[in-house]
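Enquirer: Starting off with a structure, shown below.
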Amino acid sequence: MSDFLVSADLPYCKGCGHHLVVRNTVRALEAMTVDPLSVTLVTDIGCQGIIDRCFATHTVHGLHGRSVALGAGIAMDLPGDGKVIVFMGDGGATIGLQHLLEAARLNVDMTVVVHNNMLYGMTGGQPSSLTPCGFRTAITPEGGKLPHHDLCRLVHDAGAAYAHRVVGLGDFSPTLQDAIEVEGFALLEVMELCTAYGVKNNPGLRLRDLADELGYDLEVRRGNGRPAFDLPYRADTPALLDQVDRVAVRSVSPLEKQYTLVLGGSAGEGVQVAAQITAQAAIASGLQVTKKGSYPVTVGTGFSVAEIVLSPDPIHYHGISHPDAVIIVSEDGLSYNRECISEMTSGAVWLDENLPEPETGAEVHVRDFRGRAGGVNAALFGVLSFSQETGIIPAQTLLERMRQSKIGSKIPIDELEQVLT
Ligand code: SF4
């Protein structure tokens with residue numbers, strides 16, 4: 001099996017045109033002798049998108065029609081020779097048309113492969129804006145009456161470095177290789193048929209005949225030589241890096257394996273700041289860290305929760321399903337995390353003493369966070385208590401990061417230190 005696949009058992013219906021797109025993409029990548037992990041495959045909703053699990057490259061799966069936006073974001077800051085390849089259907093291309101045009105206008109260095117079977121296969125065969133006149137679909141049994149968008153022409157006019165339409169038959173891997181090797185935005189539209197709906201509703205139709213009858217042009221459109229998009233600050237990157245708040249290692253954490261921590265409180269009470277400082281202190285203790293925050297769109301009300309993963313080794317996944325520790329400093333934080341706490345069969349929960357004790361298999365440590373440090377500093381006091389009691393992040397390192405924080409002057413650090421002792 002190819003180094004680019006983890007499974008050669010492709011998930012499509014028998015005869016589906018998507019098979020050939022995958023096989024030709026793999027052939028093209030093999031011919032380019034690139035490392036599978038230098039390739040990021042971005043897909044979105046639609047039958048083509050279920051291919052992710054078969055590829056040995058990096059894969060990212062997005063919302064319907066958004067794979068170009070995701071791919072562009074990745075491509076814009078991809079170091080070295082990395083390649084971003086986006087797979088999308090004609091439905092996704094229709095939904096995300098503006099993303100396509102914008103990525104083409106910016107000339108982002110990426111390759112978009114549109115699997116154009118002229119219908120929405122996953123939802124039952126409805127027409128998209130790329131469905132040509134006369135092509136019968138589930139809701140146009142007599143054939144559509146409206147003309148289709150010419151996607152290649154649209155992205156070419158928008159500024160793409162390369163746009164090309166092929167009939168998806170046989171070996172078109174050299175064309176795919178061409179598209180992938182282009183510097184700048186490349187779109188390859190592969191005309192194909194959905195055996196489940198396209199063939200059923202258009203009996204006897206042959207793909208090549210359709211392309212001929214409808215006058216689909218198969219010409220290669222190249223851009224006007226505009227350079228591929230580059231981040232305007234990239235040339236200044238070394239100087240900018242000098243300004244980055246580098247966290248020097250100050251102490252050594254005793255942590256030997258990955259540890260996950262959830263901090264829950266109320267919006268506007270510094271939960272995210274406390275988590276940020278904790279993450280910096282963890283780095284200063286020699287650990288690797290990920291931190292992510294969750295809060296309602298109305299950022300000044302309701303819960304505020306931060307998830308922190310700590311590890312002596314590289315972290316490959318930042319999600320937390322069963323935390324090792326949870327710090328809860330307010331009712332909002334408890335409500336949001338109650339289910340997760342109830343599912344804990346081990347680990348520890350640090351809980352503000354005014355809150356009802358939740359059902360849990362974890363050890364519960366009740367502390368007077370709000371009473372002793374006030375609501376606005378309860379989260380900081382919570383992480384400080386955690387660090388002092390576990391030693392995973394040395395408390396002195398955490399205090400030092402608080403002092404160095406941009407809001408350090410607003411944190412009553414001496415008081416917190418006293419409360420701690
Ligand atoms: S429904 Fe159509 S597009 Fe989807 S896998 Fe089957 S043949 Fe392919």
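Values in this text are rule-based calculations from the coordinates and carry no lab data. Small disclaimer: the values here were computed from a predicted structure and weren't measured. Because the Cβ atoms are built from the backbone with ideal geometry, glycine has one as well, and the counts that use them run over all protein chains shown.
Enquirer: Return the long-range amide H neighbours of Val326 (sequence gap of 5 or more, or a different chain), with a cut-off of under 5 Å between placed amide H atoms.
Expert: Answer set, sorted by chain and number: Val262, Ala348, Val349, Trp350.
Enquirer: Would you tally the net charge around Ala186, using a Cβ to Cβ cut-off of less than 12 Å, leaving Ala186 out, and scoring K and R as +1, D and E as -1?
Expert: -2
Enquirer: Further question: Which percent, to the nearest 5, of DSSP beta bridges fully inside the chain are antiparallel?
Expert: 35
Enquirer: Same structure again: Quick check: convex hull over the Cα atoms of the range 150-289, volume per residue in Å³, rounded to an integer?
Expert: Value for the range 150-289: 290 Å³ per residue.
Enquirer: Which pairs in the list Lys292/Lys410; Lys145/Lys200; Lys83/Lys145; Lys83/Lys200 are over 31 Å apart, alpha-carbon to alpha-carbon?
Expert: Where the Cα-Cα span goes over 31 Å, the pairs concerned are Lys83/Lys145; Lys83/Lys200.
Enquirer: Dividing the alpha-carbon radius of gyration of the range 6-87 by 2.2 N^0.38 Å (N being the number of residues), what value is obtained?
Expert: Against the compact-globule rule of thumb, the ratio is 1.07.
Enquirer: Counting Lys +1, Arg +1, Asp -1, Glu -1, what net charge surrounds Phe386 among other residues with beta carbon under 12 Å of its beta carbon?
Expert: My count for the surroundings of Phe386 gives -1.
Enquirer: I would also like to ask the following. How long is the range 18-222 along each principal axis, judged by its Cα atoms, biggest number first, in Å?
Expert: Dimensions of the range 18-222 along the principal axes of its Cα atoms: 51, 34, 30 Å.
Enquirer: A follow-up question, please. Report Rg/Rh for the range 259-420, rounded to two decimals, where Rg is the Cα radius of gyration and Rh the Kirkwood radius.
Expert: 0.93
Enquirer: Follow-up. Where both residues lie in the range 259-420, what percent of DSSP beta bridges are antiparallel, nearest 5?
Expert: In the range 259-420, DSSP labels about 55 percent of beta bridges as antiparallel.
Enquirer: Which GluC sites (Glu not before Pro) does the range 333-387 hold that lie in a coil by DSSP with at most 13 other beta carbons within 10 Å?
Expert: Answer by residue number: Glu353, Glu359.
Enquirer: Which number comes out as Rg/Rh for the chain once both Rg and the Kirkwood Rh are worked out on C-alpha atoms?
Expert: 1.10
Enquirer: Shifting gears a bit: Any chance you could check the Cα centroid distance between the range 306-323 and the range 143-162 for me, in angstrom?
Expert: 44
Enquirer: Near Ala282, within a Cβ-to-Cβ distance under 12 Å, what is the net charge of the other residues, with Lys and Arg +1 and Asp and Glu -1?
Expert: Neighbourhood net charge equals +3.
Enquirer: Another question, then. If r is the Cβ-Cβ distance from Ser409 to Ala8 and R0 is 45 Å, what FRET efficiency results, to the nearest 0.05?
Expert: The value I calculate is 0.15.
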